[in-house]
Each structure stands twice: as C-alpha cells, then as structure tokens.
Amino acid sequence: MLSVAGLTKRFGSQADGVTAVDDVSFDIRPGEFVSVIGPSGCGKSTLFNIIAGLQTPTSGQVSVEGQPVRGPHPAVGTVFQEESCFPWRTVIDNVAFPLELAGLAKAQRHEQAKQFIDMVGLRGFERRMPSELSGGMRQRVCIARTLAAKPRLLLMDEPFAALDEQTRLLLGDKVLQIQQELRQTTLLITHSITEAVQLSDRVLVMTYRPGRLKRFVTIELPRPRSGDAVTSPAFGAAVASLWADLREEASRGMQEAGG
Amino acid sequence: MRQTAAPLLGIGLVVSLVLLLQWAIGVGLVDEYTVPRPSEIAAALPRLVTEEHVASRFMVTVGETFAAGALATLVGTALGAALYRWPLMRRSFEPWVAVLAAAPLVLAYPLFLVLFGRSSLTVVVIAFASALPPVVLQTVTGFAAVRPVLLAVGRSLGMGRAAEFRRILLPAALPSVFTGLRLALMFGLINVVGVEFLINLGGLGALINDLSERYDLPGTWAAIGVVVLVSVCFFATLDGGERWLRRRG
C-alpha cells in the first residue's frame, strides 16, 4: 500500500545543514493502522510532508500503491496538525469540498458529506459555521472532509495535539471506530504514547536527530479497542516498553537542545 | 431581538442628537444664523427637489463615485494580488502605495484640471486615485494573512493555482478586501464631492457650493444630508455584495 525506501531529507548546505530524516524505510499493508512516534524534532512532520507529497526528499522514494509519489497523490488524504476548516463554509460545505472539486452536484455531495459527518459524530451541526464549534469539533470536520475524498491511505499529523486529554481519548475512540468501519489504511504521526498504543497495529519509533527508524513495535492488544482499553495491564506494558525506547531519545534531544 | 436592537439604538442616537440640536437652537444655546434648525433643514428638502434638480445631481454624484469605486476595485485587487504573488514587488512598492494613501491628492486638483479638463473625468480620476491605495493595501494584507495550512489543504487535494486562488485565497481574503472597498468608498465619495465643490461642476458638491454662496444654509445642510444618503446606499450595496459572495464561497 505505502512503501518508504531509503528516505533521507537534509535541510541547508552539506557543511552546516540538518538531516531531518535519515535513511528511513518501512511498508504499510492495506487496512493497517501504523503510528510514527518520536520526540520533538525527530523529523516526524518532515516525514509526513514527504509522504503527503508536499515536500521532496533529498534521496530515497515513497510509493503509494506501487506508484512513486512526486506531489500530492489522489489516493492519499491528509489531516493536518493545525485545524484547517474553511471558516467561510458551513460544516457540510467544508466536508463536501473535495466532492465539489470532483464535480459532484450539490444534492449528491451533501448526501455523501452527511454520511461522513455522522461518522465523526457531528450530526445536527451540518449548517453551523466552524466559528461556532469547539476545537475538537473543528478537527473532526477536517477528518470528515479528508475521509469524504475517499483516500485509500489516510495520513494524520498529530491531529489531536492541540486538544485536551479527555477530548483526545474520545476522538481516539472515534478514529478507531471509523477505522473499523472503513478498514481505512492509516498512518498517524504522534508524540503521544497512549494514543499510539490505543490506535495502532504497529508503532514505528524514531530516534532524535537525525530521524532514523529505531524500532517497529507490534501492538498485540485485541480489537475492537476503546478508550477503556487504556486501563488494561497489557496496555500498560505496551506503553512502558515504548516509553523505555523513547525516554532515551527524548532525553538526548533535551540535552542537545539545551547544550 | 439583539439583531434589531443594534440598528434601532443607532437610529435612536441620531434622532436624539437632532432633537437636542433643535432644542439648543430653540432656547438660544446655539445661534440659529450659524446652524439652521433641523426642522428648517428638513423643510428645505422639497425645495431642493423642485428647484435645484437634486435628483439628477444625486445621480451624477452616484455615477462618478461608482465609476471611481469600480475602477479602484478592479485595478486595486489586481495590483494587490500582484504584490502578493511577487514578494519583491511587494517589498519595493507597498510603502509607496501607503505614501499615496496619506497624500492629500485633492490639493493637486489644478493639475488634474489641466490634464483632464473641467469635466466629470477629472472628478473620477482624482476620486479613483484616492480610493485605490486602501484597496491595494487591504487586498495584499488579506492574501498574505491566509493561514498556510488552508493552502496546504488545497495542495493536498491536488488543486491547481487557479482553483486555489478562486476557492481558497479569495474567500479567505474577502473580509479584508471588503474593508479596503469600504475605505475606498469613503475616500472616493469625499473626493468626488470635494472636487465637485472646488470646480463647481456637476453633482451634489457643486450644489452645496451654489447654495452656500447664496447663504441658503438650510439648503446647504439638506444637500449635505443627501450626500450622506449616497454613502448609505453604497454601504448597503457593499454589505449585500459581501454577504452574497460569502455565501457562494
């Protein structure tokens, strides 16, 4: 489905440049939910931008369904870290936006958009403006808008980063539910260990600068999972194992940033 | 409830001030040879219609303001978009546009008279020149303030430059552009009436000039009231236009 091979991205000149992503390779199978986790400054967002086709790599290749990515790929849907609703459009017209670009008639695109609005739990808010919604609701509108384009690979860059802990857990539930419903292949960038464990089939741990692949961890928790799964011992064990990996990287990041 | 309260409060304030003035003149606090009574000003209005052809002068002023405003809108948004598109141009020219905005262009009216003759064209050109800078500045500011993530959404959906402009940049910048248009309208109308007054030609400005030279103070004030009416009409049209465009998003 998604194949990343030998991906490297350097910023600046050879001498004093920064290597954000260094020789990263991995694959995602159809229907799989994979999270990329790493400390701040490990090049997660750079990796996201390259897979989304918004940045070009220095070397290496990304391919989606066997086709090399050289710009935004129609099979890939992206949800950004920053809330990105169009403030001049109602909820339904935000969600229907990709369908409008595809040339669907109004009645048809609204009908389809409603399905995705239901899916993210915003029924009844179709005619509201984004300014009337909370941050979590707006991010759900963005997720629905991305899903409406029917991407075969869903890319999310810390979509819950700006939200409070309770909203994050509930939204995590929502994303899981959607993932079960659509069997949506998903790549989630996150810095939250609980989020990664709660949602993923596999978690990819990245090192602090340069961003390399440190470990691929398979999460063996049974599905369907919900927010309640966070209380189980198996969940705790998975979190602890990931934290052991990350702690090393995060403290190295803090030292380097401090010194 | 609150939606109707705001305009009512506004109208209430104006009416109260007018009544206060009427009372102040009545009791001699304000000299009635300096400021005519509001009731006299109102009474002068029918005279303006029958004797001074205020309707056709109204149309002349509206026409000139519209011409200057429409030109400023077309040229100003295009220039604003160009300054946004080419940052070097923006850094080079934006300060000069701001300087032009602050220049009292109307004082150069003799120059424009020589260039364009004593005609409506002179009025329109001066009004256009003073209405242009706010449109350019507000357009470029509006475009530059569009959140990059909204443009990233467009790119991730594979939108081209034209679609991005039409569907993201323009609607996102619309409130700022319309602020520019409102300012342009104010500057344009002030200059239209001012130049009409100075060269005693055509519309309401020339009428105000005539009436004041005849010491017809109630008539003068009534004509100024008609100028206010012109701006009310334009503002209502702009508001309607903005709402319509927003709905089309």
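The values are calculated or read from the model by the stated rules, or taken from the named source; none is laboratory data. Keep in mind that this is a model prediction, so the values were computed, not measured. All Cβ positions, glycine included, derive from the backbone under ideal geometry; neighbour counts span all protein chains shown.
Below are the figures for this structure:
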item	result
Residue under evaluation A:Leu169, criteria (1) surrounded by fewer than 22 Cβ atoms within 10 Å (Cβ to Cβ); (2) closer than 22 Å to B:Ser156 by Cα, criterion not met	(2)
Residue selected from region B:64-106 under the condition among the small types (Gly, Ala, Ser) and crowded, with 16+ Cβ neighbours inside 10 Å, by the criterion nearest to the chain's Cα centre (by Cα)	B:Gly69
Any pair with Cβ under 7 angstrom, 6 or more apart, that starts in region B:38-63 at a residue that is of a type in the set (Phe, Trp, Tyr) and ends at one that is assigned to a helix (DSSP H, G or I)	B:Phe58/B:Leu204; B:Phe58/B:Val226; B:Phe58/B:Val230
Wholly enclosed helices (runs of 4 or more DSSP H) of region B:1-96 bearing at least 2 residues in the same structural domain as B:Leu201 (by TED's automatic domain parsing) and of a type in the set (Phe, Trp, Tyr)	B:54-85
Cβ pairs under 7 Å, 6+ apart, first in region A:84-100 and more than 9 Å from chain B (Cβ to nearest Cβ) and touching a residue at least 24 places away in the same chain (Cβ under 8 Å), second part of a loop (DSSP other than H, G, I, E, B) and aromatic (Phe, Trp, Tyr)	A:Val91/A:Phe125; A:Asn94/A:Phe86
Of residues in region A:54-79 being in contact with a Gly (Cβ under 8 Å, 6 or more places away or on another chain) and surrounded by fewer than 21 Cβ atoms within 10 Å (Cβ to Cβ), the one nearest to A:Val18 (Cα to Cα)	A:Ser59
Output for region B:155-193, where each listed residue is buried (at least 19 other Cβ atoms within 10 Å of the Cβ), more than 9 Å from every other protein chain (Cβ to nearest Cβ) and of a type in the set (Gly, Ala, Ser)	B:Ala173, B:Ser176, B:Gly180, B:Ala184, B:Gly188
Hits in region A:57-73 (condition: in contact with a strand residue (DSSP E or B) (Cβ under 9 Å, 6 or more places away or on another chain) and facing chain B (nearest Cβ under 9 Å))	A:Pro72, A:His73
Looking only at region A:1-53, and only at residues there that are acidic (Asp, Glu) and without any contact (Cβ under 8 Å) to a residue 40 or more places away in the chain, the one that is surrounded by the fewest Cβ atoms within 10 Å (Cβ to Cβ)	A:Asp16
Single residue of A:Ile178, A:Ile189 found to be surrounded by 19 or more Cβ atoms within 10 Å (Cβ to Cβ) and modelled with pLDDT under 90	A:Ile178
Residues of region A:216-236 that turn out to be within 30 Å of A:Lys9 (Cα to Cα) and in contact with a Leu (Cβ under 8 Å, 6 or more places away or on another chain), as a count	2
Which listed residue, of B:Ser39, B:Ser56, B:Ser16, is out of contact with any Pro (no Cβ under 6 Å at 6 or more places or on another chain) and farther than 29 Å from B:Glu196 by Cβ	B:Ser16
Search result, residues across region A:108-154 that are of a type in the set (A, V, I, L, M, F, W, C) and not in a helix (DSSP H, G or I)	A:Val120, A:Leu122, A:Phe125, A:Met129, A:Leu133, A:Ala149, A:Leu153, A:Leu154
Some residue of region B:113-128 being within 14 Å of chain A (Cβ to nearest Cβ) and of a type outside the set (D, E, K, R)	no
